[in-house]
1. Looking at the range 58-74, can you tell me whether even one residue there is open to solvent by 30 Å² or more (accessible area, probe 1.4 Å), out of contact with any His (no Cβ under 6 Å at 6 or more places or on another chain) and within 23 Å of Ala294 (Cβ to Cβ)?
2. Residue pairs, Cβ under 6 Å, 6 or more apart or interchain, first in the range 209-229 and among the small types (Gly, Ala, Ser), second assigned to a loop (DSSP other than H, G, I, E, B). List them.
3. Restricting the search to the range 16-35, which residues are open to solvent by 20 Å² or more (accessible area, probe 1.4 Å) and of a type in the set (A, V, I, L, M, F, W, C)?
4. Filter the range 255-286 down to residues that are small (Gly, Ala, Ser), under 18 Å from Ala241 (Cβ atoms) and part of a loop (DSSP other than H, G, I, E, B), then give me how many there are.
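The values are calculated or read from the model by the stated rules, or taken from the named source; none is laboratory data. Since the model is a prediction, treat every value here as computed from it, not as a measurement. Positions of Cβ are backbone-derived with ideal geometry, glycine not excepted, and every protein chain shown enters the neighbour counts. Ligands, DNA and RNA are excluded from the accessible area calculation, which covers all protein heavy atoms including side chains. Shrake-Rupley method; radii C 1.70, N 1.55, O 1.52, S 1.80 Å.
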Amino acid sequence: MVLGSGPVQFDSSRVRTVKPGLGESQGYHLSPRELSTIFGIEGRRFGNLPSRMVIPVLEGRWYTENWYMTNGYLYLVEPQAWVPQIYHGETIPVSKFTTSHTTETKTVSERTFNAGTSASLDIEAGGSYYGVTASVKSSSSIEFKVSTSSTVTHASTTTGTTGDVPVHELMVYPILQCKVIKKQRIEYTINDHSDELKWGWHSYDDGFWDERRVADTNLSEVKKLAYHPVPMSGNGLPGKAYLLPVPQVTGTGDVEVTTLLSRKGWKDWYHYDVAWEDCNDLTIQVAVPNNSIAFRPMATWTILNSE
């Protein structure tokens with residue numbers, strides 16, 4: 001969809017919504033019943049999300065001389081399911097647990113949970129279109145306050161029925177599985193000294209930039225969706241570029257995206273006119289540790305009963 005010469009209109013309330021359900025757990029397997037009993041995770045309580053979201057998965061690197069390159073894809077996706085990533089820690093007998101264990105804070109690298117994901121999302125504002133922000137998946141540490149579940153309390157106060165059963169340390173981390181609807185190849189270079197921005201050999205042609213110019217004054221509120229610094233792994237000078245996937249709602253409530261680029265020192269934007277590609281049978285997973293509509297990272301000690 002091509003942007004016109006006038007103001008860009010985007011009414012986020014017209015975007016269709018979907019309610020991703022609870023998917024099968026990954027890592028250490030827990031059944032839906034166990035997820036509910038141990039962590040209080042119930043798919044019927046999850047909130048809605050926009051039916052279309054844009055997720056950048058980009059990598060930056062030195063290219064030549066003073067030039068750095070950024071390449072990868074923008075993915076236009078539909079959320080499908082919340083996937084609980086389960087990590088199993090220690091296992092100790094209930095007798096030892098009840099005599100020596102106290103509530104503790106445990107620090108674990110997020111790579112333990114998000115190694116198989118493509119990016120990270122923050123979901124705020126009730127899951128509205130403007131409340132979804134993508135970033136590079138984190139490799140920092142995450143703190144869990146490890147609590148004691150009611151199953152351990154029950155075992156420690158009931159005699160003659162449980163015996164010296166094992167107590168398991170479990171952690172859960174939220175991942176969102178998404179179906180890729182379309183993808184757009186991103187590849188541009190930027191100069192560390194001059195801040196010059198280029199994509200493709202035609203960037204040097206007369207009239208190239210004037211033909212693609214979109215006035216900043218035409219974008220109004222939609223500029224809130226711009227990425228700056230541009231999220232990427234590696235170093236493609238993310239602080240010198242601006243990336244703006246501009247959504248527009250079709251008559252059916254679907255979303256088409258026009259990508260704009262700008263750079264440090266420029267006021268206006270320029271249409272990045274590489275075509276979007278339709279995708280079939282492609283899914284990606286994104287880490288969503290910060291969200292207000294499904295579940296957040298949690299940890300506990302618990303006893304697992306036979307089902």
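1. no
2. The qualifying pairs are Ala215/Asp268.
3. Within the range 16-35, Val18, Leu22 qualify.
4. Quick first cut of the range 255-286, residues small (Gly, Ala, Ser) only: 262, 265, 275.
Okay, now just the ones that are also under 18 Å from Ala241 (Cβ atoms), so 262, 265.
Checking which are part of a loop (DSSP other than H, G, I, E, B) leaves us with 265.
Residues meeting the conditions: 1.
Results for (1) exposed (fewer than 15 other Cβ atoms within 10 Å of the Cβ); (2) touching a strand residue (DSSP E or B) at 6+ places or on another chain (Cβ under 7 Å); (3) among the acidic types (Asp, Glu); (4) outside any loop (DSSP other than H, G, I, E, B), shown as yes or no for each residue.
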site	(1), (2), (3), (4)
Asp164	yes, yes, yes, no
Val167	no, yes, no, yes
Ile181	no, yes, no, yes
Ile190	no, yes, no, yes
Asp210	yes, no, yes, yes
Val230	no, yes, no, no
Gly253	yes, no, no, no
